[in-house]
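The values are calculated or read from the model by the stated rules, or taken from the named source; none is laboratory data. The model shown is predicted, which means the values in this text are computed figures rather than measured ones. Quick reminder, even Gly has a Cβ in these numbers, built from the backbone with ideal geometry, and neighbours come from all protein chains shown. Each accessible area value is taken on the protein alone, full model and side chains, heavy atoms only, with ligands, DNA and RNA left out. Shrake-Rupley method; radii C 1.70, N 1.55, O 1.52, S 1.80 Å.
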Amino acid sequence: MTGGLRTLVRVRLRGEVLFDEPLSLHTSLKVGGTADIFAVPADLDDLRVLLQIITKAGGAYLVIGGGYNLLVRDGGFRGVAISLRNFRSLEELPGNRVSAEAGVTNGALVRFAEERRLTGMEFLIGIPGTVGGAISVNAGAHGEAVMDRLETLTTLRGVSMVTTARAELDCGYRSLSLAPGEIVVGATFRLAVGGAAEIEARIEGFLAHRRNAQRVSHPNAGSFFRNPEGLQAWRLIDAAGLRGYRIGGAQVSEAHANFLVNRGGGTARDFLELAALIKEKVKEQSGIALEEEVKIVGVE
């Protein structure tokens, strides 16, 4: 089945196609085995074609945004890894609204809005990754979140494009519920008119906070664990005495204890073992069960 799927994807897809591609090259942690197929659809029609091929062949697929908030196991992914990096359209709409495709970086969205003196998305400036990834986990910072400004979400369910109003979405802290296999392809955000100096000051404030609080220089996936309600995961990890603790190439960052970093030569197994140890020690010390914020995929 894999051979036939490879042939169909290579022949019918207009975008880039790679075989046995190391996903460590496409994730911020720099770990993970290979994907059978790594596909970069040229546009929405190309993505539809790809999904039709995969579905007909009974294959599996995984969407990779900027590769943040993702841990791929060392055995890789048996199926098609899909990159939406060609989905980069940004458009200003009437009524202080902005539409953005899933492959737009968070920083590009913030700067696009800033140029038009639209405020409300500045908190995203220090969060790496793409709009699609940010939406899929309801990314946020400083008490603000993506869903606070989202007006409509556009997704693919199978090959059907669906637009859903914010009020109809099931979302919460760092979470968004979608149908199995549903892919975020874009969104519309409702912003507000702001002063240029005010917007610039907010952006610089958020960047300064990131620089001071998260001086993490090694490859990482961002915050590894969710913050328990009313608490901060990094404080719990710190209290368990694990700042700087290392297993293989994976280490609890000395700069921010909720960041697990690749000190060189790290494997997915190193990170999984370190994460398991952190959960065990935090539970023993505080009685609180931490949950991963990163998405863990692939085979051992």
Output the residues belonging to region 70-108 that are more than 30 Å from THR55 (Cα to Cα) and without any contact (Cβ under 8 Å) to a residue 24 or more places away in the chain.
GLU91, PRO94, GLY107, ALA108
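Can you confirm whether GLY244 is open to solvent by 30 Å² or more (accessible area, probe 1.4 Å) and either under 17 Å from ARG226 (Cα atoms) or not in a helix (DSSP H, G or I) (or both)? Break it down stepwise before answering.
Working: open to solvent by 30 Å² or more (accessible area, probe 1.4 Å): no; either under 17 Å from ARG226 (Cα atoms) or not in a helix (DSSP H, G or I) (or both): yes.
Criteria not met by GLY244.
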From the set of residues in region 80-109 that are open to solvent by less than 10 Å² (accessible area, probe 1.4 Å) and over 16 Å from the mean Cα position of the chain (by Cα), which is farthest from ALA192 (Cα to Cα)?
VAL80
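Residue by residue through region 248-269, note down the ones that are assigned to a helix (DSSP H, G or I) and either open to solvent by 10 Å² or more (accessible area, probe 1.4 Å) or acidic (Asp, Glu) (or both). Lay out the reasoning, then the answer.
Of the residues in region 248-269, the ones assigned to a helix (DSSP H, G or I) are 268-269.
ARG269, the sole residue that qualifies.
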Subset of region 194-237 that is assigned to a loop (DSSP other than H, G, I, E, B), over 19 Å from the mean Cα position of the chain (by Cα) and surrounded by 15 or more Cβ atoms within 10 Å (Cβ to Cβ) - its residue that is modelled with the lowest pLDDT:
PRO228
Top-ranked residue in region 270-300 [being under 24 Å from TYR61 (Cβ atoms) and in a helix (DSSP H, G or I); ranked as least open to solvent (accessible area, probe 1.4 Å)]
PHE271
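Based on what the data block shows, is ARG14 surrounded by fewer than 23 Cβ atoms within 10 Å (Cβ to Cβ), of a type in the set (Lys, Arg) and not in a loop (DSSP other than H, G, I, E, B)?
Details: surrounded by fewer than 23 Cβ atoms within 10 Å (Cβ to Cβ): yes; of a type in the set (Lys, Arg): yes; not in a loop (DSSP other than H, G, I, E, B): no.
No, not satisfied.
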Identify, please: which residue in region 140-178 is touching a residue at least 24 places away in the same chain (Cβ under 8 Å) and within 27 Å of ALA57 (Cβ to Cβ) and is, among those, surrounded by the most Cβ atoms within 10 Å (Cβ to Cβ)?
THR155
Take PHE112 and decide whether it is aromatic (Phe, Trp, Tyr) and buried (at least 22 other Cβ atoms within 10 Å of the Cβ).
no
Would you confirm whether or not region 62-72 contains a residue that is open to solvent by 10 Å² or more (accessible area, probe 1.4 Å) and farther than 30 Å from ALA250 by Cβ?
no
Which members of region 189-222 meet the condition of being without any contact (Cβ under 8 Å) to a residue 12 or more places away in the chain and more than 14 Å from ILE125 (Cα to Cα)?
ALA197, ASN212
